[in-house]
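One structure is given here, and the rest of the page talks about it.
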Amino acid sequence: MDKQITFERVIDVDHKKAFEVVSNFDKYAEFIPGCSGSSLIERKHPVEIGRLDFHVLGKDYFIESENILTNNSININQITGPFDHFKGSWVVKKRDEFSCHVSFNASFQLPFLLNAITPQSLIDSFSSKVLNSFISRLT
């Protein structure tokens, strides 16, 4: 069964700045907890291929993804990585001159053994820390 992450927040920051932070994944290692490396592998607008390296609970993981960018969204599809599958999306919508609505949604499935030993509370806690790191970066 797929696990879900859903995040929505109104942020008092210009929508262009917010989208810049979420779309520049090659800078994620600077502020995401556990992210030990982030790199752009290929860019052929509107598609980017990127890699994120993580050190979580004493283990190293990586995910390579295809990211399709529009003016205000990013659709993320895992190419290789720790998940059986992972699909996610960022959407940044302008509310007014000084605020925007930011949302992140993901659907993923962990491999059977990892799923069996990973409680939902750990997934929720890690997801919350990662998403809050974006908010901190923006404000």
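Computed quantities for the displayed model
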quantity	calculated
First in the range 95-113 and over 19 Å from VAL130 (Cβ atoms) and without any contact (Cβ under 8 Å) to a residue 60 or more places away in the chain, second anywhere and of a type in the set (Asp, Glu) and surrounded by 14 or more Cβ atoms within 10 Å (Cβ to Cβ), Cβ under 6 Å, 6 or more apart	PRO111/ASP84
Close pairs (7 angstrom Cβ cut-off, 6 or more residues apart or separate chains): in contact (Cβ under 8 Å) with a residue 40 or more places away in the chain and under 24 Å from HIS15 (Cβ atoms) in the range 117-139, assigned to a helix (DSSP H, G or I) and aliphatic (A, V, I, L, M) anywhere	PHE134/VAL21; PHE134/VAL22; ARG137/VAL21; LEU138/ALA18; LEU138/VAL21
Output for the range 73-114, where each listed residue is aliphatic (A, V, I, L, M) and part of a strand (DSSP E or B)	ILE74, ILE76, ILE79, VAL91, VAL92, VAL102, ALA106
Total residues in the range 22-37, condition out of contact with any Cys (no Cβ under 7 Å at 6 or more places or on another chain) and either farther than 15 Å from ASN75 by Cα or without any contact (Cβ under 8 Å) to a residue 40 or more places away in the chain (or both)	11
All positions within the range 22-72 that are of a type in the set (Phe, Trp, Tyr) and either assigned to a strand (DSSP E or B) or over 14 Å from the mean Cα position of the chain (by Cα) (or both)	PHE54, TYR61, PHE62
So LEU57, is it among the hydrophobic types (A, V, I, L, M, F, W, C) and in contact with a strand residue (DSSP E or B) (Cβ under 9 Å, 6 or more places away or on another chain)	no
Failed item, numbered, when TRP90 is tested on (1) of a type in the set (Phe, Trp, Tyr); (2) closer than 18 Å to SER38 by Cα; (3) modelled with pLDDT under 95	(3)
Residue that is farthest from SER133 (Cα to Cα) [pool: residues in the range 15-39 that are surrounded by fewer than 16 Cβ atoms within 10 Å (Cβ to Cβ) and of a type in the set (D, E, K, R)]	LYS16
Residue that is nearest to PHE86 (Cα to Cα) [pool: residues in the range 52-61 that are of a type outside the set (Ser, Thr, Tyr) and surrounded by 14 or more Cβ atoms within 10 Å (Cβ to Cβ)]	LEU52
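Residue-wise test of (1) in contact with a Phe, Trp or Tyr (Cβ under 8 Å, 6 or more places away or on another chain); (2) closer than 18 Å to VAL22 by Cβ.
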position	(1), (2)
LEU69	no, yes
ASN75	no, yes
GLY88	yes, yes
VAL102	yes, yes
ILE123	no, no
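Rundown of residues vs (1) in contact (Cβ under 8 Å) with a residue 40 or more places away in the chain; (2) at negative phi, yes/no style:
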position	(1), (2)
PHE54	no, yes
LEU57	no, no
PHE62	no, yes
SER65	no, yes
ILE74	yes, yes
GLY88	yes, yes
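The values are calculated or read from the model by the stated rules, or taken from the named source; none is laboratory data. Predicted, not measured: the structure shown is a model, and the values here were computed from it. Note that each Cβ is placed from the backbone with ideal geometry, even for glycine, and that neighbours are counted across all protein chains shown.
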